[in-house]
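Only one structure is covered here, and it is reproduced in the block below.
The values are calculated or read from the model by the stated rules, or taken from the named source; none is laboratory data. Please read all numbers here as calculations on a predicted model, not as lab measurements. For neighbour counting, all protein chains shown are included, and Cβ atoms are generated from backbone atoms with ideal geometry for every residue, glycine included. Surface accessibility is based on the protein's heavy atoms, side chains included, excluding ligands, DNA and RNA. Shrake-Rupley method; radii C 1.70, N 1.55, O 1.52, S 1.80 Å.
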Amino acid sequence: MSEISKAYEPQSVEDKWYDFWLKQGCFTADPKSTKPPYSIVIPPPNVTGMLHMGHVLNNTIQDILSRKARMDGKEVLWLPGTDHAGIATQVMVEKHLKKEEKKSRHELGREEFLKRVWLWKEKHGDIIINQLKKLGCSCDWTRERFTMDPEYSRCVQKVFVELYKKGLIYRGKRMVNWCPVSQTALSDEEVEMKPQNGFMYHFKVQVAEAPDTWLTIATTRPETIPGDTAVAVNPKDPRYAQLIGKHIVRPLPAELPREQKLIPIIGDEHVDFEFGTGVLKVTPAHDKADFDIGTRHKLPLIEVINADGSMNALAGASLAGLDRFKARKVAVELLAEQGAMIESKPYENNVGFSQRADVPIEPRLSEQWFLKYPAVPQSKACVAEGRMKFHPDRWAKVYDHWLTNIQDWCISRQLWWGHRIPVWSVTDSDEAKAKARFEHWAEQLKSSSESSIRRNGNVVSIATITPGVQHTLEMSGWQQDPDVLDTWFSSWLWPFATMGWPENTETLTKFYPTTDLVTGPDIIFFWVARMIMAGYEFMGDVKFALPDAMPFQNVYFTGIIRDKQGRKMSKTLGNSPDPLVLIAQYGADALRFGTMRSAPLGQDVLFDEKDVELGRNFCNKLWNACRFRQMQGGEVQGEIERTLLTPDDKWILLKLDSAIREVTVALNEYKFSEATAALYKFFWSEYCDWYVEACKAVFFGTDATQKANTLAVIDFVLSHTIRLFHPFLPFITEELWHGMGFATDMPNNQGGKTIMNAPWPLPFDDDFKGHYGLDDCYVEITDTKYELVRNGRDLRRAGNIQAAKKVKYVFKPAQHLTPHDAEVIKLLLNAEALEVNADYQPPKGTPTVNTKLGELFLPLEGLIDVAAEKIRLTKEAEKIQAEIVKVEQKLANPNFTTKVPPAVLAEHEQRLAEWKNKLTHTQASLAALG
RNA sequence: GCGCGCUUAGCUCAGUGGUAGAGCAUUACCUUCACACGGUAGGGGUCGCAGGUUCGAAACCUGCAGCGCGCACCA
């Protein structure tokens, strides 16, 4: 900082220090360290994603926690990495392929397509990583992981086989949430219910055995009529009960002969006779509830919708080939033509949408892999019993509710990009052959802990992670399951699969369980809950010797970043600012500080670029405050001489002590906006606004010893302040730490190499306070002095004096006033002179203010607008009067005076006295004006 | 339907029983030798509504309204 620029220029500072930290290995965690551990695993962003404001919020918090922990003397591991993001990445590459080569992935073939995805990953995979570096994230990049790394992949396979072996993973034909666009099954969590404006259609059907009887059926999906295999009524419904066992004539497909259109009327309790007409069409192949009814009544299934959402031949000639929504319109027309349509009225209902593709999902019967969640009781208990803490804790209830009503997890996806299911099968011509095959392989694999074999009829399946076995199976005609696993089936292993599991590595020993997890509440089920279950299931092994296998001790849920209008950030709305643009414009520290300042615990954050501007302004203020110190010259001052401390010095030291306490407490409670607010207030409103200004009284003077001591106080305060700011503002604080010389001659653990290793400031202890005479009374004394200054400045306004104009004040002290204090007051008042005169007799019309320290006059005969000043003082007096009445009323109430704690009573009495005193002085001032 | 959150200055938000706060915006004045990304002084709120508890409620309790979110759903 030999040449200090007038404004802080982050661009010239940030890259320099980030490179320095990397080169010095400052972020690298040492599992052999004897320091206590602190660890976080990053929520891995999509490998092909771009940094958005949500990442900024999330990762700034993690960085603050990590940097604070380092300053607390912890061995810190912040483990970074990326997620392969199955659907998102595959769709991205498919689009690119379509655009560049006009080819579909099927035209390319699975193997070739996967090569392209890997190429894409190599090309774009480090974009988001570099963006995190720009933000200043202190991740241990030597340990960066990707969920498709070979070692990670092996963990996923191992976990699959273990759960398969335990019988928790099974394959079955079930109704699943099918996305017709991505053409894959989805888990329940990936379905988003959205209200839709559609129609409720009422159509009539004839009862076959009683041609005069017609039933009216209500439906929102007439296109599925060809798939109906029954109509259901409630057996307790007197209107229809007698019809159970009879049949109706299904109106579609119209071309079928009458006998093929007959479907039974069944009785089922599921039917709500209050709703619709009380008659329910049952489409077991295309509705979850209907499937259950179908199972209960052994109804046949007729599939009429294809995987891509179009209708098939069974839907009838008129519908076949049409998209499901087009088919709905045509079905309505067909019913109308038959005279079966009774009415259609607008109707709002909730429809499940594919979160990824944003199209209505299609309940579809298909063969999928499911997981019965493991370790559910332990996972519930650790949060319920408070061993794992959620911040804010209300999410614990949401978590518990989900675990209580948990359904099996559909883990297979009909995609190519992802972890392929490690199961090989072969189908024999009959069961006997299959049985023989099963027995042969069961014998072969009996000593293998890495394989598991099952037989289902004439199908034999082997789940295995042994490459040799896999190869043999491939060679002898076994087919590997074509599906891949849900991306979250790899993410849920993140806290330990990134640390060398299944080996009991020194990293796991040192850093697992992790300390904090920082993530968004939107993935509490997707990720957080599942990681907890995986932790208990896979880290509970005795070999890890953990008292508790939970993957983290605290979960901090951030808010969701919205725009100024409260809308979610989205690409389509274009309301999502590019953090890198903001960093280029304002600096990474500014973005971090602004974001933290406006992100209270547990609330959504309405992002406004003004916040970043505020961050920049703050950095500039910090910069210039240090610049001021440098301009006073001299080396870093060491020892503070206690006998030379002024009341202002003691005041700022005591304020610093409060700030250290407040910031530390706020951080311990994860209240980042409170921490920044406390820092802001201390540094701007206390240090800069008052202390620095007061110091000028010394610096403009001639006492070199006093000057040196003031510099020592400044250096002490700044060296503490910069450290308090470091977790929030890593770049500028490192620059200033070195530039101000605070790193010079320091051992590494005191910040000699980098402020990252400087100790976090501790509140002052009694010895320290005693030695420097830091009695709380100095806060009060000095506050009073500054109050006097504020009042004195008010007088200028009364005199309508230009800010630049120097005027003379007269002070009539009520007690002894030191020359230093007189000088400070003079300076802060921007006065030409301050005449201290105990016998001063002001001429009539002299504006005055009175404080505990004494009376201050601004003698400006003839220059004052007496009338205006009178109005001002009269208003002032009225205000004070009102306050007095308020307090007097309280004190007149015997209920108050008898029941209130003595301290509160005393406080009220004192307040009354103060107001009365003020009133006296205001009235005197008024009288003095004549 | 069940659950959760929010409602305080024009805006965004702090404030868990004792004198209503911050930042931004706004008004006036000021380029004074750290900083105009700055300084000084000001204006602006019956704390969503109605009850209750209490000597005292923005805060605690009950009810209501509005906004937002999550879960579950009836065709």
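Placing unit charges on the Cβ atoms only, positive for Lys and Arg and negative for Asp and Glu, gives region A:598-731 a dipole magnitude near 220 debye about its Cα centre.
Calculated FRET efficiency, A:T34 and A:N748, Cβ-Cβ r, R0 22 Å, to nearest 0.05? E(calc), rounded to 0.05, equals 0.90.
Using the Cβ of A:P44 as centre and a radius below 12 Å, the other residues enclosed give a net charge of -2, where K and R count +1 and D and E count -1. For region A:184-364, the dipole from Cβ point charges (+1 on Lys and Arg, -1 on Asp and Glu) about the Cα centre works out to 400 debye, to the nearest 20. Remark: region A:608-775 carries 37 Å² of accessible area per residue (probe radius 1.4 Å; ligands, DNA and RNA excluded). Where only DSSP H runs of four or more residues are counted, chain A gives -13500 deg cm²/dmol as its mean residue ellipticity at 222 nm, each run worth -39500 (n - 2.57). Among beta bridges identified by DSSP and lying wholly in chain A, the antiparallel ones come to about 75 percent.
In loop segments of region A:710-817 as defined by DSSP, the trypsin sites (Lys or Arg not before Pro) with at most 12 further C-beta atoms inside 10 Å of their C-beta are A:K805, A:K806. Compared with the dominant principal axis of the Cα atoms in chain A, helix A:53-71 is inclined by about 60°.
Principal-axis analysis of the Cα atoms of chain A puts helix A:395-404 at an angle of about 10° to the longest axis.
Here the extension length gained between A:R567 and A:K852 equals 97.3 nm, from 0.36 nm per residue of separation less the Cα-Cα distance. When the trypsin sites (Lys or Arg not before Pro) in region A:175-275 are filtered for DSSP coil states and for at most 12 other beta-carbon atoms within 10 Å of their beta-carbon, the remaining sites are A:K236. Among A:D400, A:D522, A:D649, the sequence by solvent-accessible area, most first, with a 1.4 Å probe is A:D522, A:D400, A:D649.
Accessible surface of A:H106, taken over heavy atoms with a 1.4 Å probe and every protein chain present, rounds to 130 Å².
Reported to the nearest whole Å, the Cα centre-to-centre distance from region A:641-703 to region A:797-858 is 26. Ordering A:W684, A:W760, A:W118 by accessible surface, largest first, gives A:W118, A:W684, A:W760; the 1.4 Å probe counts only protein heavy atoms, with every chain in place.
Modelled spin labels at A:L580 and A:K446, positioned 7 Å past Cα toward Cβ, are 6.0 nm from each other. Taking 30 Å as the limit for the C-alpha separation, the pairs A:K74/A:K165; A:K204/A:K298; A:K23/A:K681 exceed it in the case of A:K74/A:K165; A:K23/A:K681.
When both region A:44-103 and region A:885-926 are represented by their alpha-carbon centers, they are found 59 Å apart. Ligands, DNA and RNA are left out, and with a 1.4 angstrom probe the accessible area of region A:1-144 is 44 Å² per residue. The order of the peptides A:839-852, A:502-515, A:36-49 by mean Cβ neighbours within 10 Å, most packed first, is A:36-49, A:502-515, A:839-852. Using only Cα coordinates, the Kirkwood hydrodynamic radius of region A:779-928 works out to 16.8 Å. Between A:K543 and A:A838, the contour length at 0.36 nm per residue exceeds the alpha carbon distance by 97.9 nm.
The lysines whose alpha-carbon is closer than 21 Å to the alpha-carbon of A:K99, local same-chain residues fewer than 8 away aside, are A:K115, A:K121, A:K123, A:K571.
Taking 0.36 nm per residue of separation and subtracting the Cα-Cα distance, what length does fully extending A:K194 through A:D126 add?
Length gained, A:K194 through A:D126: 21.0 nm.
Ignoring any ligand, DNA or RNA, what whole percent of the accessible area of chain A comes from carbon and sulfur when the probe is 1.4 angstrom? That share works out to 52 percent. With an a/c value of 1.5 or above and a/b larger than b/c for the gyration tensor axes a ≥ b ≥ c computed over the alpha-carbon atoms, region A:687-797 is described as prolate. A crude spin-label estimate for the pair A:K397 and A:K103, with each label 7 Å from Cα along the Cβ direction, gives 5.5 nm.
Report relative contact order for chain A in percent, whole number only (criteria: Cα-Cα under 8 Å, sequence separation at least 6).
Normalised by residue count, the contact order of chain A is 12 percent.
Normalised Debye scattering of chain A at q = 0.05, 0.08 Å⁻¹ gives log10 I(q)/I(0) of -0.47, -0.92, counting only Cα atoms as equal scatterers and leaving out solvent. Seen against the Cα atoms of chain A and their longest principal axis, helix A:431-445 is set at about 40 degrees.
Return the FRET efficiency for the residue pair A:V866, A:L905: r is the Cβ-Cβ distance, R0 is 51 Å, and the value is rounded to the nearest 0.05.
So, using R0 = 51 Å, E works out to roughly 0.80.
Take A:908-914, A:888-894, A:487-493 and order them by the average number of nearby Cβ atoms within 10 Å per residue, most first; the result is A:487-493, A:908-914, A:888-894. For the set A:D608, A:D15, A:D428, the ranking by accessible area, highest first and with no ligand, DNA or RNA atoms included, is A:D15, A:D608, A:D428 under a 1.4 Å probe.
Put simply, the amide H of A:R562, placed in the peptide plane, has neighbours under 5 Å in A:V605, A:L606, A:F607, leaving out anything fewer than 5 places away on its chain.
With the radius of gyration and the Kirkwood radius both derived from the Cα set of region A:103-156, what is their ratio Rg to Rh?
Rg divided by Rh gives 1.10.
Restricting attention to region A:805-866, lysine pairs at least eight places apart or on different chains and with alpha-carbon atoms under 16 angstrom apart total 6. For A:W120, what accessible surface area do you get with a 1.4 Å probe? Give it in Å², rounded to 10. Solvent-accessible area, nearest 10 Å²: 40 Å². Under a 5 Å amide H cut-off, with hydrogens placed 1.01 Å from N, A:V176 pairs with A:R364, A:L365, A:S366 among residues at least 5 apart or on other chains.
Sort region A:709-756 into rounded, prolate or oblate with this rule: let a ≥ b ≥ c be the square roots of the eigenvalues of the Cα gyration tensor; rounded if a/c is under 1.5, and if a/c is not under 1.5, prolate when a/b is larger than b/c, oblate otherwise. Oblate shape, in that a/c is at least 1.5 and b/c is the bigger or equal ratio. For the pair A:L119 and A:L644, label points projected 7 Å from Cα toward Cβ lie 7.2 nm apart.
Could you pull out the chymotrypsin sites (Phe, Trp or Tyr not before Pro) across region A:263-301 that fall in loop regions by DSSP (anything but H, G, I, E, B) with no more than 15 other Cβ atoms inside 10 Å?
Filter output for region A:263-301: A:F275.
Taking all protein chains as they are arranged and a probe of 1.4 Å, the heavy atoms of A:R567 leave approximately 100 Å² accessible to solvent. Each residue of region A:184-364 gets 118 Å³ once the volume of the Cα convex hull is shared out per residue. With Cα atoms defining each centre, region A:356-374 and region A:455-475 are spaced 25 Å apart in the structure.
Pop the C-beta distance of A:D358 and A:F628 into the FRET formula with R0 = 56 Å and round what comes out to the nearest 0.05. That gives a FRET efficiency of 0.50. Judged by the ratio a/c of the largest to the smallest principal axis of the C-alpha gyration tensor, region A:608-775 counts as rounded, that ratio being less than 1.5.
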